[in-house]
1. Name every residue in region 134-181 that is part of a helix (DSSP H, G or I), among the small types (G, A, S) and under 15 Å from F117 (Cα atoms), in order of residue number.
2. Regarding region 230-245, can at least one residue be identified that is within 23 Å of S158 (Cα to Cα), open to solvent by 20 Å² or more (accessible area, probe 1.4 Å) and either of a type in the set (F, W, Y) or part of a loop (DSSP other than H, G, I, E, B) (or both)?
3. Of the numbered conditions (1) more than 21 Å from E66 (Cα to Cα); (2) in contact with a strand residue (DSSP E or B) (Cβ under 8 Å, 6 or more places away or on another chain); (3) of a type in the set (G, A, S), G148 satisfies every one except a single condition; which is it?
4. Of the conditions (1) under 19 Å from L151 (Cα atoms); (2) surrounded by fewer than 17 Cβ atoms within 10 Å (Cβ to Cβ), L101 clears all except one; give me its number.
5. Can you tell me how many residues in region 104-130 are free of Cβ contacts under 8 Å to residues at least 60 places away in the same chain, touching a Leu at 6+ places or on another chain (Cβ under 7 Å), surrounded by 17 or more Cβ atoms within 10 Å (Cβ to Cβ) and not hydrophobic (A, V, I, L, M, F, W, C)?
6. What is the number of the single condition among (1) within 30 Å of A239 (Cβ to Cβ); (2) of a type in the set (K, R); (3) in contact with a Phe, Trp or Tyr (Cβ under 7 Å, 6 or more places away or on another chain) that R168 does not meet?
7. Kindly provide the set of residues from region 97-121 that are under 27 Å from R41 (Cα atoms) and basic (K, R), ordered by number.
8. For A167, are the conditions met, namely being open to solvent by less than 40 Å² (accessible area, probe 1.4 Å) and small (G, A, S)?
Amino acid sequence: MKDEGRPANREPSLTHKQAVAIALSDTTAEPEAQTSLVMQRRQLYAESAEGLLADLAVAGFPGIEEVGDLRRRGLDYKAAVPILLRWLPSARYLLLAEDILRTLSVGFAKNLALPEFLQFFRQPPAAEDPIRPLTSEPAEEHLRWVIGNGLGIFAEPSVADDLIGLARERGFGQARTQIVLALPKTKDDRVPGVLLSLLDDPTVAAFATEALGKMRFAAARPSIAELVDHSDENIRDQAKKALKRIDSEDARQRH
């Protein structure tokens, strides 16, 4: 599903080169300027990650040039999780902090990473990118979305209270999108009501609609039907898909 204001289908497997490409918003710049910015970012990353990469090497992960290599190479990096969590608060370069967060957003890291992610969602690491365009969203909000994506991956019944609470806090805006979408994974009886209450919130309405559709929650049909003519394309599309899912389930039950 398209997430307004962000690259489509953001995945935790972005390479550093891809992250750099996303971060460079001035596509009209001369090729030489683009190359210079890429090189600067690589240098900033290397300098910021030097101590972390050294610790990873000592722990049995030599030859890692970027934190994301741990996941891209298909390594069993459970032993690296405590190291990554220890370094996360002190990661001052934005793309390094993001790389650590995405590398931690995997099932086997959940037990250790989940409490930290809940804390950092409210107060993300103080990371910056000194050459990031001034027109970009604040670094804090960028990282909050990445953390929210991880919380969506970690969603389960034991954290229902935490995730429902975050989903309801509208001040967090689009950073809640993956949390909202993952609420059904908590199997909490409150989830349908929470999702219905978010249908008038334009920052997450498309995701709440998608979640209700995947739940085949028939009682949401009237509310979702009101969204098929919404001014936002994402919301319209998800409303139509949700209605199809609900109607197909209804037809199945009648037969």
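1. Scanning region 134-181 gives G148, G150, G152, S158, A160, G165, A167, A175.
2. no
3. Condition not satisfied by G148: (2).
4. Status for L101: all satisfied but (2).
5. Final tally of qualifying residues: 3.
6. Result: R168 fails condition (3) only.
7. R102
8. Working: open to solvent by less than 40 Å² (accessible area, probe 1.4 Å): yes; small (G, A, S): yes.
When the stated conditions are applied, A167 passes them.
The values are calculated or read from the model by the stated rules, or taken from the named source; none is laboratory data. None of these values were measured; they are calculated from a predicted model. Cβ atoms come from the backbone with ideal geometry, glycine included; neighbour counts cover every protein chain shown. Side chains are part of the model used for accessible areas, which takes the heavy atoms of the whole protein and leaves out ligands, DNA and RNA. Shrake-Rupley method; radii C 1.70, N 1.55, O 1.52, S 1.80 Å.
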